[in-house]
Amino acid sequence: MKKTLNKPVIGMSACVHGEPVRYDTGHKKSDFCMNELSKHVDFKTYCPEVAIGLPIPRPTIRQIIKDDIITVSQPDGSGDVTKALTEYGQKTAKTFDSLSGFIFCQKSPSCGMERVKIWYDHGKGCKHDGVGFFAREVMKANPLLPCEENGRLNDMPLRENFIIRIFTYRHWQDLIASGLTKHKLIKFHSEHKYLVMSHHIDSYKALGQLLARADLPLEEQADLYIAGLMTALKKLSNRRSHTNTLMHLQGYFKKYLDKSQKEELVEKIHQYREGILPLLVPLTLINHYLREHTEEYLSAQVYLSPYPDDLKLRYGF
Ligand code: SF4
């Protein structure tokens, strides 16, 4: 993995961290986050309901819709905390410049990122398209910040996608902290080219064209670049996009490898495409050849190792 200057700091719903802050004094500890991801990132925890003064334990709260207006309160409408949660979210979300991601607790009327239950006022039934009042403010104020929910992190492609985004965003934050220059921006793009290609080929082309523009001030170009990059990385890569990327990479070895080595590499890529092998196999072979034949441009490619290897996610589902 390309070294980050600073360990990523990830914001997190406190109950996902294992803190007993839920209404029933329980928690929603994420084993993946606390046993594996915690080796490579630091966490900063937030419990918006406790932060606005609700006790532990406390009565449950829910989102309720009446006349198209959504509020958060106890099921009978008492204890309305809509304003308090919104204001806490707005105030806290402005302090997240140093965060490289956020992991929310799913389904919560405060922290849920999506599909939160919104109950109809008459008490019969609910719909499932709400967003937690704290989560909404965090995402609104920090549109580039990689965000996920604890439940979705159990899905391997979503987990890998999130991990890629937080480490990429940390690299970007390091670049900005070290002082933005055109040279650094071009170098950053150069190192992330194949990573973008593996997620969204059109963005790969568009970001290259963006950096070729001479009519934009550097800061504006950088803002557009990182917005385009983070949007592209949200798209899940797949066997087809990885195969396309791997075929581009193997082209660099033409002058170094003999016929049987080239055939073996292409065969492994095809076997990956057909689902016979995990992505790790052609990638390991490419990394092996890179150690034998120094190719600076390729060695710098984040795609070859976008996050710490011991997270064991490079399967290319
Ligand atoms: S979901 Fe959010 S508000 Fe609820 S206990 Fe967890 S951190 Fe607190």
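When the criteria are applied in full, Ile56 meets the requirement of being near the ligand (Cβ under 9 Å from one of its atoms), in contact (Cβ under 8 Å) with a residue 12 or more places away in the chain, in contact with a Ser or Thr (Cβ under 7 Å, 6 or more places away or on another chain) and not in a helix (DSSP H, G or I).
A count restricted to segment 11-53 and to residues that are aliphatic (A, V, I, L, M), within 12 Å of the ligand (Cβ to nearest atom), in contact with a strand residue (DSSP E or B) (Cβ under 7 Å, 6 or more places away or on another chain) and in a loop (DSSP other than H, G, I, E, B) stands at 2.
Residue-wise test of (1) out of contact with any Gly (no Cβ under 7 Å at 6 or more places or on another chain); (2) among the basic types (Lys, Arg); (3) not assigned by TED's automatic domain parsing to the domain that holds Ile70.
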position: Lys107; (1), (2), (3): yes, yes, no
position: Lys117; (1), (2), (3): no, yes, no
position: Cys126; (1), (2), (3): yes, no, no
position: Lys184; (1), (2), (3): yes, yes, yes
position: Val196; (1), (2), (3): yes, no, yes
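Tyr225 meets all of the listed conditions (1) in contact with a His (Cβ under 6 Å, 6 or more places away or on another chain); (2) farther than 25 Å from Leu265 by Cβ but one, namely (1). Pairing residues of segment 28-42 that are among the polar types (S, T, N, Q) with residues that are in a helix (DSSP H, G or I), at Cβ distances under 7 Å and at least 6 apart in sequence or on separate chains, gives Ser30/Leu153. One residue is enough: does segment 260-282 have a residue meeting the conditions aromatic (Phe, Trp, Tyr), over 27 Å from Phe162 (Cβ atoms) and part of a helix (DSSP H, G or I)? Among the residues of segment 260-282, not one is aromatic (Phe, Trp, Tyr), over 27 Å from Phe162 (Cβ atoms) and part of a helix (DSSP H, G or I), which makes the answer no.
Conditions tested, residue by residue: (1) in the same structural domain as Leu304 (by TED's automatic domain parsing); (2) touching a helix residue (DSSP H, G or I) at 6+ places or on another chain (Cβ under 9 Å); (3) among the β-branched types (Val, Ile, Thr); (4) more than 25 Å from His128 (Cβ to Cβ).
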{"residue": "Ala14", "(1), (2), (3), (4)": "no, yes, no, no"}
{"residue": "Leu37", "(1), (2), (3), (4)": "no, yes, no, yes"}
{"residue": "Phe43", "(1), (2), (3), (4)": "no, yes, no, yes"}
{"residue": "Ile52", "(1), (2), (3), (4)": "no, yes, yes, no"}
{"residue": "Arg62", "(1), (2), (3), (4)": "no, no, no, no"}
{"residue": "Val72", "(1), (2), (3), (4)": "no, yes, yes, no"}
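Taking segment 69-88 as the range and being among the acidic types (Asp, Glu) and modelled with pLDDT of 95 or more as the test, the residues that pass are Asp80, Glu87. Against the test of being of a type in the set (S, T, N, Q) and crowded, with 17+ Cβ neighbours inside 10 Å, the options Ser30, Ser38 yield a single qualifying residue, Ser30.
For Val72, the criteria (1) within 13 Å of the ligand (Cβ to nearest atom); (2) in a strand (DSSP E or B); (3) within 30 Å of Ala177 (Cα to Cα) hold in every case but one, which is (3). Pairing each residue of segment 61-76 that is closer than 9 Å to Asp121 by Cα with any residue that is surrounded by 17 or more Cβ atoms within 10 Å (Cβ to Cβ) and among the polar types (S, T, N, Q), provided the two are 6+ apart or on different chains, yields C-beta distances under 9 Å for Ile64/Thr71; Ile64/Ser73; Ile65/Thr71. Look through segment 296-317, keep the residues that are charged (D, E, K, R) and surrounded by fewer than 16 Cβ atoms within 10 Å (Cβ to Cβ), and return whichever of them is nearest to Asp258 (Cα to Cα). Selected residue: Glu296.
Of the strands (runs of 3 or more DSSP E) lying entirely inside segment 80-197, the ones with 2 or more residues being free of Cβ contacts under 8 Å to residues at least 40 places away in the same chain and more than 14 Å from the ligand (Cβ to nearest atom) are found at 126-130.
The values are calculated or read from the model by the stated rules, or taken from the named source; none is laboratory data. Since the model is a prediction, treat every value here as computed from it, not as a measurement. We place every Cβ from the backbone using ideal geometry, glycine too, and count neighbours over all the protein chains shown.
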